[in-house]
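These notes are about the structure you will find just below.
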Amino acid sequence: MSAVVSETGRVGTQAAVAASSLVKVYGKGDTAVRALGGVSVAFQAGKFTAIMGPSGSGKSTLMHCLAGLDNVDGGSVHIGGTEITGLNDKDLTKLRRDRIGFVFQAFNLLPTLSAEANILLGLELAGRKPDKQWFDTIVDVLGLRDRLKHKPSELSGGQQQRVACARALVARPDVVFADEPTGNLDSRSGAEVLDFLRMSVRKLGQTVIMVTHDPVAASYADRVVLLADGHLAGEIQNPTADSVLSALKHLGA
Amino acid sequence: MLKTIIAGVRARTARLLLSSIAIMLGVAFVSGTLVLGDGITEGMKDEFAKTSRGVDVSMSLAGEGPESETGFSQATLDKVRDTPGVQGADLRSYVSAALLTASGKAKPASAGPLASTPELREYDLKDGRFPTSATETAVDVRALATAKLSMGQQITLLDMEDGKHSFTIVGTFAQGANSMSLGGSEHLVLLPEALPQLSDKVRGYELVAKAAPGVTQEQLVANLKKSTGEQGYKFQTGEQLTVETLKQISERSGEFTQLLLAFALIALVVAAMVIYNTFTILVAQRTRELALMRCVGASRGQVFGSVLAEAVVMGFFASVIGLFGGIGVSALMQTVIGSFSGDNTVVRLPVTPTTVLAAFGVGVLITVISAALPARKATKVAPVAALRAQLDSSEEVARTGTLRIVFAVLLGLAGAGVVYLGMGMEEEAALIITGSGTMLLLAMVVTLGPVLVGPVNRVLGVVPKALFGVPAKLASGNAGRNPKRTAATTAALMIGVTIVSLVTVVATSAKETASAEVDQRFPADYTVTSSIYSRPLQQDLLDKIAAVPEVGKVAPMAGFSPESDENSQYSAYLEATTPEAFGDLVRPKVVSGSITGLKDGEVAISSNFAKRSGLAVGGTLPQGLGATKKDLKVVAVVDGIDSSGLVTMATLTAFDPETPGFRSIMVKLKDGVTTEAGRAAVEKVTDASPIAVIDSAAETKAQLNTQVDQVLGFIWALIGLAVIIALFGIANTLTLSVLERTRESALLRALGLTKGQLRLMLVVESVLMAVMGAAIGLVLGVGFGWILVKALSSDSFPITFDVPFGQIGVMLLAAVVAAMIAAAMPARRAGRTSVVAGMAEA
Ligand SMILES: Nc1ncnc2c1ncn2[C@@H]1O[C@H](COP(=O)(O)OP(=O)(O)O)[C@@H](O)[C@H]1O
Ligand SMILES: [Mg+2]
């Protein structure tokens, strides 16, 4: 645990996101659920990390706390050099829009906006000008060029998730959080999205943290962090679908 | 899971509450308007019925008879009293007199005889007793306040020759409304023998009799016909009299009831729209839930039935509350109207079957229809498709677009046709027909609503986008995403604003025209008139005013009708003033010829009279009969005078050497004298006269304006209610939209929209919707107002179109502020929801 703390100490060098002794409790009294029971974990910059675990193990909760979407009941979270635990809502919102990208499982896009407007929404909220070249690169890599003027309702599920990926990356955030980004997709569309996320890490130097319960999806990552009952339960470097599957089985046993 | 269930229940309570309130408000407005109308009509009936109560036979003068000039004589009364079967009989008459007030001014008053038969009195004793001697009097309770009188006080009445007569107030009475009590004068009763001292011409206009026990009204009529003869009299039984009186009132109150009914209809439409809109959204939001029910085995009928049952139960309970609310609204309005008129009016709350039927018709029927239509649509879709469906369905608009446009075009053509028809008519017909035409056009715009939302939203959205950036852009997108919903939400407001601005424009135009006319016709600084119509101003007053150093010019105005043959096309009412005043203090609009330097024996006729008599400049107008017959030379045709023509004072005196005096004296101040200083100087003279009242053109205008403003105020109040309901509709839609977009809001928050920006987004959306409704409503209202003004305007009564920009600005501003208030609750709710909780929402 001390290693983790020292890692977060080295500002901006290695760890893009780090949590120490993170506690999150839902509810009060008898019905209280300890969703995170003191999780300490660091995520290296420029790496693709997957958070895995059985359903109800606290994956989504961890991600929400890491991304500043939810407040924590104990411990701390750092993004880059900034401690985000204790920031007020306004500063958190600013931090999210300036330094974090999101891809959710579903309902990623605003139905009223075109694909292009959706991609640029975050930048617009931040009042930043998009980098035209970067925008073109992302759009072309994701094959969205001829879909830019379409409304979300006119796009397939895979295309919608790719638009969400483009939006997450176009602002060059410090870190991209993805919560089950392929959960609603068929395997081919899912593979496309995962390929893109991996490519953005390998070629473009992005940091991506992805929550998933799918071993195949996890195998795209550089490293898998395993979660069980709100506690860290080991990790796998350079995972394959098989190694993840067997690790999960161990957890279940 | 528990979280979603709780969230669902909470969202559902909010939805149920909102739709119940929509129903309640709608029902309250409709039933309130109906109860108010019925209450006022009932009140009028009660008031008027007092003239016929207790009367078994009424005799009035009709046709040629011995008494047609003088009124019923004492002899006839005695004859009637002696007729077998008569228990008592009394004469009804009145005498105009002037009541001297504490300040020494005279107020117009009218005195009537105290009926000797108590059952035949048209008034009830309130306080004290009725007079028993010729020096006592009882006064109308209202006079206590309006003329500042008190019980036991000594009052003075002036007769026609300024003779003073004193009476002691021994009692007060309350009387019903009748043609006389509605006039502005103070009322009192005296013993019949006290009347002749006030005037030697006491004209008994009606003789009423009460039958002895066992004598029918018909028998009594027969007996009376025998004893008095039939020549010159009209006999009516009490029954007939009552029927006739009531017919008169329902004609009178009918206009008011129609006005209220028109408002009730508007209320109905607005309420129906709000209810329908709320349910459409509710069921649309439940589409998935309904689909899920079908997936787990519920039949289409079961699902449909459950929606209907819910609507019936909710509609029923909300209607009951709404009905009581409406009765409360009506009581409130009557109290408010009562406090305006200064009367201690009784609050009447008659609940007729029609009202109850209308209340439940609106509350239950419209609710069920509003729920059934979208529910049918929702259950028609295959369950699996519905489960997958997007909540927004903008394609739907495009699909029904053609049908909608065809329907709108038909409405538009019909409306334009009816308006064209109405333009050719005159006065009331023009108002009604053209008005109906504009309402058809309004229906066209309502039908076109969903098509209009897009472009209007884009135009209106420019300003907030420039001011607030992204949140406003998102808001504009939200306002335009479901054109049908936005159109339905804004339509209610649009209708309300259209009517208000229409009425305001027409009233303002009429008002402006009237005051422009006042300016034109009365270039004088102020006008001195008599406070008592029957007592004109005299020459010595004119001389005294002319002698005031501050006064530059004076001009008296007198009016008279020279004798003429009955039904002659030349019978005229002429106004006279001094020759110098023509083209100076008297300045009507000249159509042809010239009035400056109008000489004795010449006349300037009004264009109306010119039409009626067929005369033109150069023609001859014969006036008077026998010795006073004279031919007047027509030298001008003018517009904007009340009389048939203008002549000089000398011309008037030639017809009637004993001119009773002047109706008014116009006063023009010397240059450099302020109105205040001048008024003070002239007031010294008028104060010395018991009847002279000073009245300036500016004050005349103010008087006119207050009258119009009072009517406007009433209409604004009624429509204001409609607008409140419409704004509630906006709040309703917004709240439901916020619930529907919980996940979307959470996504926006995750992406970096601050709480403040989220709230701003909703406020802008609300304002956009409100301004959309208000702006279209204003454009329509002003346009329709223009059409109505054109239709009402005629050569003889031209109305200048005038737009009250100030009031319109206030209306727009009010819409914006109200929209912000409407957005407050939904915005708070949206801001409170945490990002994670929002994402979890299904
Ligand atoms: N809003 C909440 N209220 C109460 N309990 C919650 C809430 N969110 C999650 N939990 C509980 O916290 C635990 C972790 O949930 P979550 O992080 O969603 O798991 P995962 O994403 O790994 O499936 C679960 O036991 C879940 O029931
Ligand atoms: Mg999860």
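The values are calculated or read from the model by the stated rules, or taken from the named source; none is laboratory data. What you see is a predicted model; the values in this text were computed from it and never measured. Here Cβ is always computed from backbone atoms with ideal geometry, including for glycine, and neighbour counts include all displayed protein chains. Just the protein is used for accessible areas: all its heavy atoms, side chains included, with ligands, DNA and RNA removed. Shrake-Rupley method; radii C 1.70, N 1.55, O 1.52, S 1.80 Å.
Taken over the range A:136-161, the criterion of being outside any loop (DSSP other than H, G, I, E, B) and open to solvent by 20 Å² or more (accessible area, probe 1.4 Å) is satisfied by A:ASP136, A:THR137, A:ASP140, A:VAL141, A:ARG145, A:ASP146, A:ARG147, A:SER153, A:GLU154, A:GLY157, A:GLN159, A:GLN160.
Taken together, the residues in the range A:83-98 that are surrounded by fewer than 16 Cβ atoms within 10 Å (Cβ to Cβ) and β-branched (Val, Ile, Thr) amount to 0. Only residues that are more than 13 Å from ligand 1 (Cβ to nearest atom), assigned to a loop (DSSP other than H, G, I, E, B) and touching a residue at least 12 places away in the same chain (Cβ under 8 Å) were counted in the range A:73-87, giving 5.
Suppose we filter A:ALA247, A:ALA164, A:ALA241 for residues that are away from ligand 1 (no atom under 16 Å from the Cβ) and within 28 Å of A:TYR26 (Cβ to Cβ); which single one remains? Explain how you work it out, then say what you get.
Working: A:ALA247 fails: away from ligand 1 (no atom under 16 Å from the Cβ); A:ALA241 fails: within 28 Å of A:TYR26 (Cβ to Cβ).
Sole residue among the options that is away from ligand 1 (no atom under 16 Å from the Cβ) and within 28 Å of A:TYR26 (Cβ to Cβ): A:ALA164.
Being in a helix (DSSP H, G or I), crowded, with 22+ Cβ neighbours inside 10 Å and either out of contact with any Cys (no Cβ under 7 Å at 6 or more places or on another chain) or modelled with pLDDT of 85 or more (or both) is the requirement here; does A:ALA178 meet it? So A:ALA178 fails the test. Restricting attention to the range A:30-57, the residues that are assigned to a loop (DSSP other than H, G, I, E, B), surrounded by fewer than 24 Cβ atoms within 10 Å (Cβ to Cβ) and within 12 Å of ligand 1 (Cβ to nearest atom) add up to 5. When B:GLY322, B:GLY254, B:GLY238, B:GLY214 are checked against the criterion of being buried (at least 17 other Cβ atoms within 10 Å of the Cβ) and either closer than 20 Å to B:ASP56 by Cα or at pLDDT below 85 (or both), B:GLY238 stands alone in meeting it. Exactly one residue among B:VAL810, B:VAL817, B:VAL738, B:VAL779 is away from chain A (no Cβ under 12 Å), open to solvent by less than 40 Å² (accessible area, probe 1.4 Å), part of a helix (DSSP H, G or I) and not charged (D, E, K, R), and that residue is B:VAL738.
Sub-8 Å Cβ pairs linking a first residue in the range B:226-245 that is on the phi < 0 side of the Ramachandran plot and small (Gly, Ala, Ser) to a second residue that is modelled with pLDDT under 85 and open to solvent by less than 30 Å² (accessible area, probe 1.4 Å), at least 6 apart or interchain, are B:GLY238/B:SER52, ordered by first then second residue.
Just the residues that are surrounded by 13 or more Cβ atoms within 10 Å (Cβ to Cβ), outside any helix (DSSP H, G or I) and not acidic (Asp, Glu), please, taken from the range B:67-83. Passing the criteria: B:SER68, B:GLY71, B:PHE72, B:SER73, B:THR83. Looking across the range B:826-842, just one residue is at pLDDT 80 or above and open to solvent by 50 Å² or more (accessible area, probe 1.4 Å), and that is B:ARG828. In summary, A:ARG96 fulfils each of the numbered conditions (1) part of a helix (DSSP H, G or I); (2) within 16 Å of ligand 1 (Cβ to nearest atom); (3) in contact (Cβ under 8 Å) with a residue 24 or more places away in the chain; (4) at the interface with another protein chain (Cβ under 9 Å from one of its Cβ atoms) with the single exception of condition (2).
Any residue in the range B:442-457 that is in contact with a Gly (Cβ under 8 Å, 6 or more places away or on another chain) and under 20 Å from B:ALA823 (Cα atoms)? Yes, because at least one residue in the range B:442-457 is in contact with a Gly (Cβ under 8 Å, 6 or more places away or on another chain) and under 20 Å from B:ALA823 (Cα atoms). Could you please find all residues in the range A:50-89 being within 16 Å of ligand 2 (Cβ to nearest atom) and away from chain B (no Cβ under 14 Å)? Across the range A:50-89, the qualifying residues are A:ALA50, A:ILE51, A:MET52, A:GLY53, A:PRO54, A:SER57. Restricting the search to the range A:99-133, which residues are more than 10 Å from every other protein chain (Cβ to nearest Cβ) and either open to solvent by less than 10 Å² (accessible area, probe 1.4 Å) or of a type in the set (Phe, Trp, Tyr) (or both)? Once the filter is applied, which keeps residues that are more than 10 Å from every other protein chain (Cβ to nearest Cβ) and either open to solvent by less than 10 Å² (accessible area, probe 1.4 Å) or of a type in the set (Phe, Trp, Tyr) (or both), the range A:99-133 yields A:VAL103, A:ALA115, A:ILE119. Of all the residues in the range A:205-238, those that are among the small types (Gly, Ala, Ser) and within 15 Å of ligand 1 (Cβ to nearest atom) number 5. Selection of the range B:110-133 for residues being of a type in the set (A, V, I, L, M, F, W, C) and closer than 13 Å to B:LEU188 by Cα yields B:ALA111, B:LEU114, B:ALA115, B:LEU125, B:PHE130.
Considering A:ARG223, A:ARG188, A:ARG172, A:ARG202, the condition of being surrounded by fewer than 24 Cβ atoms within 10 Å (Cβ to Cβ) and more than 17 Å from the chain's Cα centre (by Cα) is satisfied by A:ARG188 alone. For the range B:556-593, taking the residues that are in a loop (DSSP other than H, G, I, E, B) and on the phi > 0 side of the Ramachandran plot, the one that is least open to solvent (accessible area, probe 1.4 Å) is identified as B:GLY583.
Taking the stated definitions as given, is A:GLY68 farther than 22 Å from A:ASP91 by Cα and either more than 9 Å from ligand 1 (Cβ to nearest atom) or crowded, with 17+ Cβ neighbours inside 10 Å (or both)? In short, no.
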